[in-house]
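In what follows, a single structure is set out as structure tokens and then discussed.
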Amino acid sequence: MKDIISWVLRHVPRKYLQLVSHFGVKVLSVFYRGQGVECNVCGSEFRKFLPYGRSGRDNALCPNCLSLERHRLMYLYLQRKTDFFKADLKLLHVAPEYCFIDRFEKMKNLDYITADIESPLAKVKMDIHRIPFEANTFDVAFCNHVMEHVDDDIKAMSELHRVLKPGGWAIIQSPQDWSKATTYEDPAITDPKEREKHFWQDDHLRLFGRDYGRRLEKGGFKVTEDRFVMDELTPEEVKRYALPANEVIYLCRK
């Protein structure tokens, strides 16, 4: 199963996967029935989650809603540490994840706008370097696993900052190599195989280091690096929901 999923992720364009992958994965869910893990996004239980990723991470993908480890962590964080599910909020969701879209659209407290440069799931087509909304428009923004793909991450971050209202907040997550003190970039690396070797994927333009929070600050944000999963969750919760054990939540405020 790992090899099949890895091959699909490497060879099928993401925009097509977003349209059809949930059908195939739901078929597989029958074979994963059990009570070993629980998806806190959709409430489904399985003996384990599906593997996922080009390297085939074990116990990662919920067969029902397609949440990954980082999605389940973010959802739990929103439930326990924000007013996201209660306050009236205008939300910009860049590169919207399948597991969240229907749920957020049904929430009566949200004025919910999805946007992406190519995703067929998004309602607004946009380049994050030039967000087509006025300054001070949104209360909240989500933008996860995007900044490693864009030409100018600081410009993209500053655009998200611009369209947030004063007092607004964003969650902006990206892959990080914690062994690196600073972000690694080299525009001379253009060969896809070399990009995967250096930046973990062939469509990544950089690999963020421990300075990721400081880069978000260059975009204008006041950044809280919240060690929620390490400091506030029990080992039993981390195992039950199959959460990323070392991921920091970057809460960005304007």
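The values are calculated or read from the model by the stated rules, or taken from the named source; none is laboratory data. These numbers were taken from a predicted model, which means no experiment stands behind them. Methodologically, a virtual Cβ is constructed for each residue, glycine included, from the backbone with ideal geometry; neighbour enumeration extends over all protein chains shown. Side chains included, ligands, DNA and RNA excluded: accessible areas come from the protein's heavy atoms. Shrake-Rupley method; radii C 1.70, N 1.55, O 1.52, S 1.80 Å.
Computed values, structure above
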quantity: Residue match in the range 188-210 (condition: open to solvent by 40 Å² or more (accessible area, probe 1.4 Å), under 19 Å from PHE138 (Cβ atoms) and modelled with pLDDT of 95 or more); calculated: no
quantity: Residue within the range 215-223 that is touching a strand residue (DSSP E or B) at 6+ places or on another chain (Cβ under 8 Å) and under 29 Å from PRO51 (Cβ atoms) present; calculated: no
quantity: Elements of type strands (runs of 3 or more DSSP E) in the range 108-216, at least 3 residues being small (Gly, Ala, Ser) and either in contact with a Ser or Thr (Cβ under 6 Å, 6 or more places away or on another chain) or over 30 Å from GLY56 (Cβ atoms) (or both); calculated: 164-171
quantity: Matching entry among VAL229, VAL223 (being open to solvent by less than 70 Å² (accessible area, probe 1.4 Å) and in a strand (DSSP E or B)); calculated: VAL223
quantity: Members of the range 199-254 found to be over 18 Å from LYS81 (Cβ atoms) and aromatic (Phe, Trp, Tyr), listed by number; calculated: PHE199, TRP200, PHE208, TYR212
quantity: Output for the range 125-168, where each listed residue is under 16 Å from GLU217 (Cα atoms), without any contact (Cβ under 8 Å) to a residue 24 or more places away in the chain and surrounded by 14 or more Cβ atoms within 10 Å (Cβ to Cβ); calculated: none
